[in-house]
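Undergrad: Before I ask anything, here is the structure I am working with.
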Amino acid sequence: MPIHLSLLDGVQWRGRPVVGERAQALLAALALACRTVNADRLIAEVWGDSEPANPAKALQVLVSRTRSVVGSESLITEGGGYRLAVPPDRVDAGRLHGLAGRAWALLVENPASAAAAAKEALALGLGALSPAGGGPLAEVRRRAERDLASARVVLARARSRSGDHGPALPELEEAVRVHPEDEGLLADLLHSEAAVRGTGAALDRFERYRSDLRDRIGADVGPELRRVHRELLALDSPVRAGVRFDTTTLLGRDDDLRRVRALLSASRVVSILGPGGLGKTRLAHAVAREAPQPVVHFVELVGVTAPEDLVGEVGSALGVRDSVTGRRTLTPQQRADVRARIAQQLGLAPTLLVLDNCEHLVYAVADLVAYLTATTRELRVLTTTRSPLAIAAERVYPLPQLGTGDAVELFRDRATAARPGVHLDEDDVRAVVARLDGLPLAIELAAAKVRVMSPVEIARRLEDRFSLLRGGDRSAPSRHQTLLSVIDWSWNLLGERERRALRRLSAFPDGFALDAAEEVLGDDALGDVEELVEQSLLTVVETAEGVRYRMLETVREFGRMRLDRAGETTDARAAIREWAVGYGRRHGARLYSPEQVDAMDRLRSEETNLADILREALADPDPEAVVVLFSALGGYWTVCGDHPRSIVMAPAVAAALSGWAPPPRLLDRTRLALSIALFNTMIVPLEESGTLARLLSGLGADSANPAVRALVTALLTTVSDPEGGLDVLAADTDPLIRRIALHWLSHGRESAGDPVGAIEAARAALELVGDDDGPWHRAVLHTQLAGLYAHLGDSASAARHATEALPVLERLGAMDDAIQIRTTLAMAALAEGRRDEAARMIDDLEALASQGTYSEVLSVATGRAQLALADGDIAEGLRRHRETAEVLRNLRVPDAFTPWADLSEVIALSAFAQYSEGDDGADLFESVRAKVLMVFDPDRASRDYPVTGMVLAGLGIWGLRKGALPAEEAVRLLVLADRFAYNQFTPTMQWSVLSAHAERIAPGVISRIEAEYGDRRGPDLLAEARTVLERVV
């Protein structure tokens, strides 16, 4: 957008100088005001103390002269004054002011856009003259100086937040020197200093600032700096599985955090030791969040009831295959195998493994930890336990009780939250905490009672209650008795109905909603829940799906202990399983219906509960529960695109349903469960595929439900005739069968390197989609078409289909599909030169990516790398590509997805081939070359030709550009990649780019090889590709 009026570097109107100080002052005054300015004020601003004899006449003459330059349409008379009818962004000073303000506003939410706005502002201010004297023009330039200073600070802060710490550091140091009290600014400086000079330098600066602040005003740093201080040691931590964030401030544990971190830096195994209720778990989460290791896994063991189940639980949490079986426990041989896989997984990168609540499995945990530390190099293990592991590698940290000062602060904080404005006398509060043994849980429960009692009354009740309960079970360890006294105190304030409610509700694995409580407790559940909330035994949590109730861990443990003591455990678990089965049946039945969106929301809110109960049902086994729960959850995971969840469960489902005959009422649920499991074993071939197919075939496709009949028919036909079955079904008279067959054919043709045929099938399937199954089927076909059209370079069609798909995918929670389609569009925009649009898309991607999955990491990181290359920042682009390849090399993916794990290397290799100096990137070439023959193994059960073609393209362009392969062989690999319809995912892998390199280095070779291959494509050239690779590899 062109500038009409320049005020910063001289005064010009559309490039023509505006002559005369008065005319310049007039334009500056009007530009500064951005509104109508009355005549008297204009006279005062333009002439100052040198007012003319006839001010009104002089102003009219000045306006007339100025209009001869800017035009009467730009300087208009309005309401007794004058206005500059030029938008502020057409005035250089106005645009600068707007950009500086926009940059500041964007800094928190979008640092990249803030940096872009700040850079534009600084570029606009190049050559700006310094303000001299008074008057409107000087004021405009003084404001511009302030705007430029602000833009410099924003740019430095945005660079820091975007990871560009080198150039940010000196600017931030200067800004902090000018604004030493700005803690937000200092926070950004600390991040950049840690990145450039090391964490120690940043921590030193932080300590100097904090000491100075305490000396000067006796205050501590604010919450933002405290947060940064906690984060300094975890800046490079891409994986934090199972780690939770605090919902309230962790008080009184700063010294403990420092000491545990110090122990972990020097010891392989550290155990936080102490009684329940002392805060071991919360401290462990805090340590895990700040851990310097790039990978942290936090595994809760509270739900593991037998030592034999420990290895399976840890393996399941880490995503190790075969951790879940249809049997109650793993056999000794299976445990040994899974244990070895766990060690292999944990040995991929420096890792912190946190095992929480180990005391009831202490011997099994000790055995597992001893094995893991002996078989991995860089693993650290942190446990929370009431009993030490007693192994050679262990260092014990006995967690102390809170001191009186910290206990008082904790009581005050929680009491004020419970009843704002409550009067808390210091002596009364000390009297309460003195009787609670410094146990945070007890203090929090007591503080919550200020809703209905004064601290004096709480202290009195505590005294009576401890007298009543002192000693308790004399056979129990003393460390148990204090905790039991604290919980028993609240327990004894409940009536029998509420006690029963607490016992039964403690059996929920992951909290519950009110409707679940009503099914387990009965019609008056609301009153019971309200009373438990009042007694602080339940916590109310606001979620996107509504209000849920959770128990503190120790309360849940206490409730389960009481449940066992009352002999109600079996009944309670049966009631909760009955609720889960009913819940899964109701909402699973709505999953492919016009009520699909609500059904997805309902299943999402209870996913963890249902999955845990499904695992129990698989272990029992309970086939009826399995088919209902897996058909619901498997359908939910299918819509979400979370196929690995179903893949991991499939073997256990096959085992649980083998030899079982479903009753008539569950025939369709069983067909669905088997179909979901079988479909996922077709994505990732498993040994159980045959068993699942046999079970499904035994039930047949004769269902009264047309959708079930169509799905089963398609699956059984595909299994029995994998080569031509779908082609036959594509002509079936049943439109549902035709739609499924065409949809799967589209994917099959795409994998075979036939994008045109894939589009034809997907378009035909889309015409058959109705509204009865919900919006997902239509959206997923639009997603397929968007990717296919983008592959062919038709970005307009791709965008049209993406526009149809994205709102549905994101509303349903199918974020993996949404991220992939957004990435495709962003890369297409970048390849077509729409840089700013691509940058905005990548910013949006980063905001959506929150799970750290393979797809998210590849999409966002590759987008940033390609954007840097497009901007000419070669070093940054290559650095990001290499970093992405290294991260994804260590990211957990199912075994059968290994080819996908190699794609980041291939994409990086292509970028290095075209942009790196010398042999930088040769390690990537060697890594890909070492694995390529496995990718082309003729015995592979399935093959994705576009993905396989990417490998050929990466090897070919490196071999061609770097001379690592004979030129003709390298070009042959490129032509084969094109014939495989390779995925041109990034601008650096576009065929137009690669073929141009080939024509420059080896003119005419592409045409000759293409003529040699004739019309052969994809599968017809597989043997040829392998022959070429065997020659060059």
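Undergrad: What is the calculated FRET efficiency for Ala1023 to Asp794, with r their C-beta to C-beta distance and R₀ = 30 Å, to the nearest 0.05?
TA: Taking R0 as 30 Å, the efficiency between Ala1023 and Asp794 is 0.40.
Undergrad: Continuing with the same structure: Please report Arg500, Arg216, Arg800 as a ranked list, fewest other C-beta atoms within 10 angstrom at the top and most at the bottom.
TA: Lowest count first: Arg216, Arg800, Arg500.
Undergrad: Pairs of Cα atoms under 8 Å, at least six residues apart: use those to get the relative contact order of the chain, whole percent.
TA: About 6 percent, as a whole number.
Undergrad: Still on this model: Would you pull out the residues with amide H under 5 Å of Val295's amide H, same chain only if 5 or more places away, H placed 1.01 Å from N?
TA: Amide H neighbours of Val295: Leu352.
Undergrad: Are there GluC sites (Glu not before Pro) in the stretch 657-734 that DSSP marks as loop and that have at most 15 other Cβ atoms within 10 Å, and which are they?
TA: Glu687, Glu723
Undergrad: Name the residues whose placed amide hydrogens come within less than 5 Å of the amide hydrogen of Ser703, ignoring near sequence neighbours (fewer than 5 apart) on the same chain.
TA: Placed amide hydrogens put Arg709 under 5 Å from Ser703.
Undergrad: So for the chain, what percent of the C-alpha to C-alpha distances run longer than 42 Å?
TA: Tail of the P(r) past 42 Å holds 52 percent of the pairs.
Undergrad: State the answer as a single residue: which of Leu257, Leu30, Ile676 lies farthest towards the positive end of the charge dipole of the chain, with beta carbon charges of +1 for Lys and Arg and -1 for Asp and Glu, about the Cα centre.
TA: In the chain, that residue is Leu30.
Undergrad: Around Val269, under 14 Å between beta carbons, what's the net of Lys plus Arg minus Asp minus Glu among the other residues?
TA: Numbers: positive: Arg268, Arg380, Arg395; negative: Asp367, Glu378, Glu394.
Taking every Cβ under 14 Å from that of Val269, the sum is 0.
Undergrad: Which far-off residues, 5 or more places away or on another chain, put their amide H under 5 Å from the one on Val86, with H placed in the peptide plane?
TA: none
Undergrad: Got a sec? Charge dipole of the stretch 814-892, +1 on Cβ for Lys and Arg, -1 for Asp and Glu; which of Leu858, Leu848, Gly833 is way out at the positive end?
TA: Leu858
Undergrad: For Thr717, Thr988, what's the fewest-to-most ordering of other Cβ within 10 Å of each Cβ?
TA: With the sparsest Cβ surroundings first, the list reads Thr717, Thr988.
Undergrad: Rank these for me by crowding, Tyr583, Tyr363, Tyr592, going from fewest to most other beta carbons within 10 Å.
TA: Tyr363, Tyr592, Tyr583
Undergrad: Within 10 Å of each candidate Cβ there may be at most 13 other Cβ atoms; applying that plus a DSSP loop requirement, which trypsin sites (Lys or Arg not before Pro) in the stretch 993-1033 survive?
TA: Arg1016
Undergrad: Provide the gained length on full extension for the span Val196 to Ser68, in nm with one decimal, where the gain is 0.36 nm per separating residue minus the Cα-Cα distance.
TA: This chain segment gains 40.5 nm when fully extended.
Undergrad: Which of the lysines could a cross-linker span from Lys962 if the Cα-Cα distance has to be under 26 Å and same-chain partners fewer than 8 positions apart are dropped?
TA: Lys931
Undergrad: So what are the ³J(HN,Hα) numbers for the stretch 9-23, from phi and the Karplus equation (6.51, -1.76, 1.60; θ = phi - 60°), rounded to whole Hz, Gly and Pro as x?
TA: Each residue's phi maps through the Karplus curve to give 10, x, 10, 9, 10, 6, x, 9, x, 9, 8, x, 4, 5, 5 Hz.
Undergrad: Dividing the alpha-carbon Rg of the stretch 721-806 by 2.2 N^0.38 Å yields what?
TA: 1.06
Undergrad: Mind giving me the nanometre distance, one decimal, between the label points for Ser593 and Ala340, set 7 Å out from Cα along Cα→Cβ?
TA: Result for the modelled spin labels: 4.9 nm.
Undergrad: Per DSSP H run of at least 4 residues, take -39500 (n - 2.57); add these up for the chain, divide by its residues and hand me the 222 nm value, nearest 500 deg cm²/dmol.
TA: -20500 deg cm²/dmol, from helical runs alone.
Undergrad: Toward the positive end of the charge dipole of the chain, about the Cα centre and with charges on Cβ (Lys, Arg +1; Asp, Glu -1), which of Leu1021, Thr824, Pro755 goes farthest?
TA: Thr824
Undergrad: Tell me which GluC sites (Glu not before Pro) from the stretch 811-871 have a DSSP coil assignment and no more than 14 other beta carbons within 10 Å of their own.
TA: Details: sites: Glu832, Glu837, Glu846, Glu856; in loops: Glu832.
Sites meeting the loop and neighbour criteria: Glu832.
Undergrad: Run the reach check for Lys57 against aspartates and glutamates, Cα to Cα strictly under 16 Å, same-chain hits fewer than 8 apart removed. What comes back?
TA: Result set, ordered by chain and number: Asp40, Glu45.
Undergrad: Rounded to the nearest 20 Debye, what is the dipole magnitude of the chain about its Cα centre when Lys and Arg each give +1 and Asp and Glu each give -1 at the C-beta?
TA: Computed about the Cα centre, the dipole is about 1300 debye.
Undergrad: P(r) tail for the stretch 501-567, what percent of Cα pairs lie past 21 Å?
TA: 16
Undergrad: I would also like to ask the following. Rounded to the nearest 5, what % of the DSSP beta bridges within the chain are antiparallel ones?
TA: Values: 16 of 43 bridges.
The antiparallel proportion sits near 35 percent.
Undergrad: Using only the Cα atoms of the stretch 918-1033, what are the Rg and Dmax in Å?
TA: Using the Cα atoms of the stretch 918-1033, the pair Rg, Dmax is 13.1, 39 Å.
Undergrad: Using the Karplus equation 6.51 cos²θ - 1.76 cosθ + 1.60 (θ = phi - 60°), what ³J(HN,Hα) coupling, rounded to whole Hz, does each residue of the stretch 785-802 give in order, writing x for Gly and Pro?
TA: Working through the residues one at a time gives 5, 4, x, 5, 5, 4, 4, 8, x, 8, 5, 5, 5, 4, 5, 4, 5, 5 Hz.
Undergrad: Now for a separate question. Compute the distance in nm between two label points, each set 7 Å from the Cα along the Cα-to-Cβ direction, one at Asp204 and one at Glu457.
TA: Those two pseudo-labels are separated by 5.7 nm.
Undergrad: Highest mean first, how do 194-201, 876-883 rank when packing is the count of other Cβ atoms within 10 Å averaged over residues?
TA: Put in order of decreasing packing, that is 876-883, 194-201.
Undergrad: Output wanted: per-residue J couplings in Hz (rounded whole) for the stretch 598-613, from phi through Karplus 6.51 cos²θ - 1.76 cosθ + 1.60, θ = phi - 60°, x for Gly and Pro.
TA: With coefficients 6.51, -1.76 and 1.60, one gets 5, 4, 4, 4, 5, 5, 4, 5, 10, 4, 5, 4, 5, 5, 5, 5 Hz.
Undergrad: Among the lysines, which fall within straight-line cross-link reach of Lys449, defined as a Cα-Cα distance under 19 Å, with same-chain neighbours fewer than 8 residues apart omitted?
TA: Of all the lysines, none pass the test against Lys449 - Cα under 19 Å, at least 8 places apart if same chain.
A short reminder: the numbers here are calculations on the coordinates, not readings from a lab. Quantities reported herein were computed from a predicted structural model and do not represent experimental measurements. In this analysis, Cβ positions are derived from the backbone assuming ideal geometry, glycine residues included, and neighbour counts consider all displayed protein chains.
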